[in-house]
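The structure appears below as structure tokens.
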Amino acid sequence: MPELPEVETTLRGVLPHLLGRVVTKVEVREPRLRWPVPEEVQLLAGQRITGGKRRAKYLLFAAESGTLLVHLGMSGSLRLTEPGVVLRKHDHVSLHLDSGMELRYHDPRRFGAMLWLTGVPEEHDLLRHLGPEPFDAAFSAGRLMQLSRGKNVAVKLFIMDGKTAVGIGNIYACEALFMAGINPAKAAGKVKKADYERLVVSVREVLLKSIEMGGTTLRDFVREDGQPGYFKQSLRVYGREGEPCLACAKPVLRIVQGQRSTFYCRFCQR
């Protein structure tokens, strides 16, 4: 599933090819995504793309009189193609640009979304209740302490809650908690401020590193084979069940939290 670094990498990969370009045609071949693609997306035709940004795992492409919201869901990706490139089976939506290129939305499982927004995008129902970005000053140990007091929910699930902060997906939560030395099953309300201070630093470090690694593959967004330009992750604990911990050499353990696998070292994470 694309997480924050993958979505940020996608934005950086496609935006230079979109800025200042006019969308000449919006072609919807399969409208049945997570929510039906609304007819209003056709309003984008004839408009110039004026900006683009990421909010959580949503991509927001600003036009002259509205914003196209894109969510990649579990299997979605965006790629730019030259004219005449053969469509793939799950290329559901295409934006034709005045440069001659196409931006194609590909999504085998169709859990993503493409919506047309008017007004301030951040006030849309999908966005207005979201917590701060991990790189914002509002994402702080003080905020985590305030929100977590009295909560028995596991700290890993707490930091993955979009109202606590956005973009801390399963892989990155595991990695950040390992770096901070915090047991993922520990009750959020029992985590000390000093631990949350380390966790804030770790979350930012692992996300920034992943985004930087993704930057080396941005050219993949214009490859004709359609492979998404996501980085090959360098992981310290995630997916390493039974392997030696990189810090103490004891076996890495796996538990299930919120129907997702959690990997950790019980000796290094307290």
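The values are calculated or read from the model by the stated rules, or taken from the named source; none is laboratory data. Predicted, not measured: the structure shown is a model, and the values here were computed from it. Ideal geometry is used to build each Cβ from the backbone, glycine not excepted, and the neighbour counts take in all protein chains shown.
Computed quantities for the displayed model
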| quantity | calculated |
| --- | --- |
| The range 16-36, residues that are closer than 30 Å to Pro134 by Cα, touching a residue at least 40 places away in the same chain (Cβ under 8 Å) and of a type in the set (A, V, I, L, M, F, W, C) | Leu18, Leu33, Trp35 |
| Those residues of the range 62-94 which are assigned to a strand (DSSP E or B) and without any contact (Cβ under 8 Å) to a residue 60 or more places away in the chain, in sequence order | Ala62, Ala63, Gly66, Thr67, Leu68, Leu69, Val70, His71 |
| Residues located in the range 105-127, provided they are outside any loop (DSSP other than H, G, I, E, B), buried (at least 18 other Cβ atoms within 10 Å of the Cβ) and touching a residue at least 40 places away in the same chain (Cβ under 8 Å) | His106, Ala113, Met114, Leu115, Trp116, Leu117, Pro121 |
| Conditions (1) modelled with pLDDT of 95 or more; (2) in contact with a Gly (Cβ under 8 Å, 6 or more places away or on another chain); number of the one not met by Lys25 | (2) |
| Condition check for Gly239: modelled with pLDDT under 95, farther than 29 Å from Leu87 by Cα and in a loop (DSSP other than H, G, I, E, B) | yes |
| Pairs with Cβ under 8 Å, 6+ apart, first in the range 37-61 and farther than 29 Å from Ala165 by Cα and in contact (Cβ under 8 Å) with a residue 24 or more places away in the chain, second of a type outside the set (A, V, I, L, M) and not in a strand (DSSP E or B) | Leu43/Ser65; Gln47/Glu64; Gln47/Ser65; Arg48/Gly20; Arg48/Arg21; Arg48/Glu64 |
| Leu97 vs. criteria touching a residue at least 24 places away in the same chain (Cβ under 8 Å), within 14 Å of Val14 (Cα to Cα) and out of contact with any strand residue (DSSP E or B) (no Cβ under 6 Å at 6 or more places or on another chain) | yes |
| Failed item, numbered, when Leu177 is tested on (1) in a loop (DSSP other than H, G, I, E, B); (2) closer than 12 Å to Arg270 by Cβ | (1) |
| Residue match in the range 135-146 (condition: closer than 29 Å to Phe178 by Cβ, at pLDDT 95 or above, of a type in the set (D, E, K, R) and in contact with a helix residue (DSSP H, G or I) (Cβ under 6 Å, 6 or more places away or on another chain)) | no |
| Residue identified as surrounded by fewer than 20 Cβ atoms within 10 Å (Cβ to Cβ), closer than 30 Å to Val86 by Cβ and modelled with pLDDT under 95 among Glu212, Glu224 | Glu224 |
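Quick grid of which residues meet (1) under 13 Å from Thr10 (Cβ atoms); (2) touching a strand residue (DSSP E or B) at 6+ places or on another chain (Cβ under 9 Å); (3) of a type in the set (Val, Ile, Thr); (4) in the same structural domain as Val28 (by TED's automatic domain parsing):
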| residue | (1), (2), (3), (4) |
| --- | --- |
| Leu60 | yes, yes, no, yes |
| Ala63 | no, yes, no, yes |
| Leu68 | no, yes, no, yes |
| Leu78 | yes, yes, no, yes |
| Val86 | no, no, yes, yes |
| Val93 | no, yes, yes, yes |
